[in-house]
Amino acid sequence: MNCLDFRRRIGAEPRSRDPELLGHRDACKEGCAAFWQRAQRFEDDLEAALTVPVPEGLADRILLAHATGERRRQVSRRRAWMAMAASVLLAFVGAGLFWRQADLSSLPALAVAHMPEELDSLNLTKPMTDAQVEAGFVGRASRLKGPAPVGVTYVHDCTVGPYPAVHLVTRMNDEPVVALYMPEKMIDKSTDFHRDGWDGRQVALSGGTLVVMAQGASRQTMAAVERGWRAAIEGPAAPNVGQI
Ligand SMILES: [Zn+2]
Ligand SMILES: [Zn+2]
């Protein structure tokens, strides 16, 4: 007999006097004697509990308990309905949170959220050279197909949320406008956004995505900056021109 057999048998019949069992108990060095002791104590407690005299009026109390149980069952059925209603409500709240999350991970949200670290760039006024702008795009494995807009004051390879981007600032009519170019194509349609004090537009390019945004710049300035970067990134609008 091994320890497992022994413990199974004792679990089923703790008071057994089977010599085979008692033999294992006395010979085992793996703690079966202690197991047997515990089983006996548990059995003692159980027997003691069962010998407590039946209190007076027990039958009445059992009947009362039965009636109370019936009432509890009614209440719990009602609770089940309320729980179901609550879970439906929670599902709606959950869906709301889900959409809020989705909104927080949208490109405009990520673009606005990444700005605080680079806010100083808005105050720069010294123009960058074409070579520096070029280098910014090369850092993101991209190439400009047309001349960069004039008035570029900041070029930096950064990340917008999870997306590698070229972060640019152009200054036009003394208004700084941020342009974030991501080589990945992320949207099919250009849309405007207003978010936390930023006005902006996410622009679908033939290859990649551009976000143009500013705090309080005029619409014309924003549109001019968008046109400038689109021409620089996609090349001149007319087909087959400029492919030298
Ligand atoms: Zn054993
Ligand atoms: Zn950036």
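Values in this text are rule-based calculations from the coordinates and carry no lab data. If you're wondering where the values come from, they're calculated on a predicted model, not measured in any experiment. Please note: Cβ atoms are built from the backbone with ideal geometry, for glycine as well, and neighbour counts cover all protein chains shown.
Before moving on, here are some points about what is shown:
- Given their separation in residues at 0.36 nm each and the Cα-Cα distance between them, residue 206 and residue 124 gain 26.5 nm when the chain is fully extended.
- Per principal axis, descending, Cα span of the chain in whole Å: 101, 54, 37
- Convex hull of Cα atoms in region 160-244, direction-averaged projection (nm²): 6.3
- Distance between the pseudo-spin-label points of residue 47 and residue 80 (7 Å out from Cα toward the beta carbon): 4.3 nm.
- Helical content of the chain, expressed as a calculated mean residue ellipticity at 222 nm, amounts to -16000 deg cm²/dmol (DSSP H runs of 4 or more residues, -39,500 (n - 2.57) each, divided by residue number, nearest 500).
- Estimated FRET transfer efficiency when R0 is 35 angstrom, pair residue 12-residue 66 (beta carbons, to 0.05): 0.60
- In this rough spin-label picture, where each label sits 7 Å from Cα along the Cβ direction, the residue 196-residue 113 distance is 0.8 nm.
- Ordering of 39-45, 211-217 by packing [mean C-beta count within 10 Å, highest first]: 211-217, 39-45
- The length gained by stretching the chain between residue 20 and residue 105 to full extension, at 0.36 nm per residue less their Cα-Cα distance, is 23.6 nm.
- The lysines whose alpha-carbon is closer than 29 Å to the alpha-carbon of residue 189, local same-chain residues fewer than 8 away aside, are 145.
- Theoretical gain in end-to-end length, residue 131 to residue 156 [0.36 nm per residue, Cα-Cα removed]: 7.7 nm
- Inverse mean reciprocal Cα-Cα distance (Kirkwood Rh) of region 3-50, Å: 10.9
- Here is what passes the span test in the chain: the DSSP H helices with alpha carbon length of 30 Å or more along the helix axis and a Kyte-Doolittle mean of 0.0 or above are 58-104.
- Assigned charges on the beta-carbon of Lys, Arg, Asp, Glu; the chain dipole about Cα centre (debye): 700
- The H on the amide N of residue 193, modeled in the peptide plane, is under 5 Å from the matching H of 200, 201, 202, each at least 5 residues off or on a different chain.
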